[in-house]
1. Would you mind estimating how fast the range 350-470 diffuses translationally, via Stokes-Einstein at 10 °C and 1.306 mPa s with the Kirkwood radius over Cα pairs, in µm²/s?
2. In whole Hz, what ³J(HN,Hα) sequence does the range 375-380 give by Karplus (6.51, -1.76, 1.60; θ = phi - 60°), x for Gly and Pro?
3. Expressed in nm to one decimal, what extension gain is obtained for the pair R394 and E247 from 0.36 nm per residue of sequence separation less their Cα-Cα distance?
4. With all protein chains present, how much of the accessible area of the chain (probe radius 1.4 Å) comes from carbon and sulfur, to the nearest whole percent?
5. Check which residues have an amide H placed less than 5 Å from V385's amide H, if you skip close sequence neighbours.
6. Nearest 10 degrees is fine. How inclined is helix 239-249 to the longest principal axis of the chain, computing both from alpha carbons?
7. To the nearest µm²/s, what D does Stokes-Einstein give for the range 12-53 at 10 °C and 1.306 mPa s, using the Kirkwood radius over alpha carbon pairs as Rh?
8. Over the alpha carbons of the range 275-392, what is the largest minus smallest coordinate on each principal axis, giving the biggest first in Å?
Amino acid sequence: MPAQERKLYLGGRLRRLRRELGLSQSAMSVELGVSPSYLNHLERNQRPVTAQVLLRLARAYDVDLKDFTAEGERTGSDDLAEIFADPMFADLGVPRYELLEVADNAPSIADAISRLYTALIERRNMPEADLGEREGSLVTPESWVRDHIQAQRNYFGYVEEAAETLAGALGDRLNLFASLRLRLKEGFGVDTRIVPPDLLEAMSQHYDMHRRRLLLSELLRPESRTFAVAYQLALFEFRPLLARMLESAAPPDAATRRTLHMSLANYAAGAIMMPYADFLAAAEKQRYDIDRLCAAFGASVEQVAHRLTTLGRSGARGIPFFMIRVDAAGNVSKRFAGESFPFSRFGGTCPRWNLHAAFQTPGRVATQLVETPDGQRFFTISRTVERAVRLDPRESSQLAIGLGCDARHASKIVYSDGIDLAHPYVTPIGPACTICPRIRCPQRAAAPAGRTLTVNETQKTISPYPFVGG
């Protein structure tokens with residue numbers, strides 16, 4: 001049976017909207033055509049917000065419904081559940097309804113808790129010698145930047161507009177590397193050279209500001225060379241824009257500012273290589289066929305996958321994909337989401353997701369329909385990619401990337417062809433073992449926090465950590 005449509009409990013957002021508008025419950029209820037008691041139930045999450053109420057909100061207050069109902073930009077109850085699953089909170093036994101109340105009614109407090117916990121985790125993992133150097137800013141630059149990008153849902157409209165303008169002025173897109181190289185030379189006097197890796201030591205690219213040379217390693221593949229030149233050009237062309245964005249973001253320290261600057265320039269490089277309108281049109285025409293998009297834009301699989309998570313322009317949105325990148329050991333090195341993300345915020349992913357099996361079939365696309373404990377379904381695509389640079393031919397350079405979106409978008413994606421979407425096989429997954437409520441999971445790797453184990457010396461269960469449900 002297909003999953004039931006998920007109910008929307010948006011009480012906290014509805015209350016915040018009403019307060020921002022300076023309205024009483026009585027005044028808003030009149031404008032929405034509902035009773036004050038019904039509006040009160042909505043704000044207290046005692047009833048879900050219906051489609052009819054959402055349409056009335058849009059008409060009365062010019063609310064962008066996609067933004068109003070979107071998930072993932074703030075710390076949610078699942079994120080808080082993961083935090084309070086930490087053993088140091090075990091004696092508190094924080095109930096689920098309290099986490100829901102905090103996440104929904106006090107989102108800034110939830111964000112603050114998340115930020116503090118992130119700092120704690122990073123401090124635990126930091127060598128003692130480094131603690132003094134990071135004093136005053138416990139959150140690492142990478143974590144701060146990741147949260148900032150996710151708060152924007154991985155979409156930066158001003159960068160997109162500037163990149164489209166620049167891409168239009170480059171001319172010949174059949175040889176984008178040459179066009180970018182020429183623009184860098186004629187506009188900023190920078191010569192681009194491809195050099196032996198020994199000259200760059202552990203770097204893949206280096207801008208020599210004194211000689212005004214951009215040096216690229218011979219080890220870089222063609223699409224990575226193009227990206228490298230686009231990145232350097234973005235630093236020059238968009239300098240005032242990036243400076244304003246940095247000022248607005250207000251990073252807490254110099255290291256974080258530099259990391260955010262690099263991330264924004266990387267975003268711009270992708271937008272230059274794959275201009276928004278052209279890329280979205282091609283993606284929809286090719287039904288999100290990654291290999292065909294790679295061929296059309298001279299980009300790598302990872303570059304295209306990353307670009308697919310950025311299609312959030314109002315009035316011209318693509319499918320809201322999430323993306324994650326892992327190595328063979330399961331370490332997460334990239335995590336982006338255009339909307340909701342079904343996995344742990346602080347840990348890894350679910351072992352039942354076939355992302356990890358991608359290493360067994362390099363280069364092949366593996367699809368899967370998965371369902372979270374709350375009944376939400378996602379269509380996912382997993383495959384391996386190669387690192388941009390491979391220094392040692394004796395070592396594997398493979399990574400695995402996973403793309404996914406709400407299952408309702410699956411029919412728009414070429415990889416769903418041949419799957420019975422009306423009656424599919426669905427794999428039950430969870431966000432992380434410590435907070436997963438699934439009792440009989442054979443791949444559970446950790447005891448569930450806050451649950452009573454039902455270990456019996458006379459029995460051995462399929463799951464190594466049997467526990468009481470509820």
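1. This corresponds to a translational diffusion coefficient of 95 µm²/s.
2. Computed from phi, the couplings for the range 375-380 are x, 7, 10, 10, 9, 10 Hz.
3. That pair, R394 and E247, stretches by 48.5 nm at full extension.
4. 52
5. L399, A400, I401
6. Around 20 degrees separate the two axes.
7. Stokes-Einstein gives a translational diffusion coefficient of 156 µm²/s.
8. In descending order, the Cα extents are 44, 36, 23 Å.
The values are calculated or read from the model by the stated rules, or taken from the named source; none is laboratory data. Not measured: the values here are computed from a predicted model. In this analysis, Cβ positions are derived from the backbone assuming ideal geometry, glycine residues included, and neighbour counts consider all displayed protein chains. Ligands, DNA and RNA are stripped out before the accessible areas are found, and what is left, the full protein with its side chains, is counted by its heavy atoms. Shrake-Rupley method; radii C 1.70, N 1.55, O 1.52, S 1.80 Å.
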